[in-house]
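Heads up, the thing below is written out as structure tokens.
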Amino acid sequence: MKPDQFRKLALELPETEEGAHHGQADFRVGGKIFATLGPADTRAMVRLPPDIQTELLASHPEVYAPSSGAWGRQGCTEVDLGAARMPMMRAALKVAWRARAPKRTLKRHDS
């Protein structure tokens with residue numbers, strides 16, 4: 001997956017805005033970051049619920065790894081974009097978006 005594909009998938013999610021955080025592109029819903037693109041454009045991060053993170057780490061260790069320290073324990077998950085595929089990344093981004101979106105946003109876009 002290319003960085004532009006990751007960006008497109010993230011921005012397809014309702015009410016998502018692109019910003020910047022520590023020199024990296026980030027994707028926010030309701031002002032909360034749910035994903036970032038790394039500065040080298042080979043890695044990204046999605047913030048997942050810890051139980052979903054555990055599932056993805058077990059099923060796709062070639063794609064996902066926990067972020068270091070407390071961030072990783074809170075669900076921040078590194079993505080190797082070269083190994084990621086569109087369907088799995090779309091699903092992970094949607095889970096990350098839902099976990100960070102305000103309740104009113106979820107109500108407007110629940111389907």
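Some notes on this structure:
- Rg over Rh for the range 1-99 works out to 0.91, both radii taken from alpha-carbon positions and Rh defined as the Kirkwood radius.
- Loop-located GluC sites (Glu not before Pro) across the range 13-67 with a Cβ neighbour count of 11 or fewer within 10 Å are GLU62, with loop assigned by DSSP.
- Residue among GLY38, VAL63, LEU13 farthest towards the positive dipole end of the chain, charges placed on Cβ: LEU13
- Taken about its Cα centre, the chain carries a charge dipole of roughly 460 debye when the Cβ of each Lys and Arg holds +1 and the Cβ of each Asp and Glu holds -1.
Throughout, read-outs are computed from the coordinates displayed, never taken from laboratory work. Please read these numbers as outputs of a predicted model, since none were measured by experiment. FYI the Cβ positions are ideal-geometry reconstructions off the backbone, even for glycines, and counts take in every protein chain you see.
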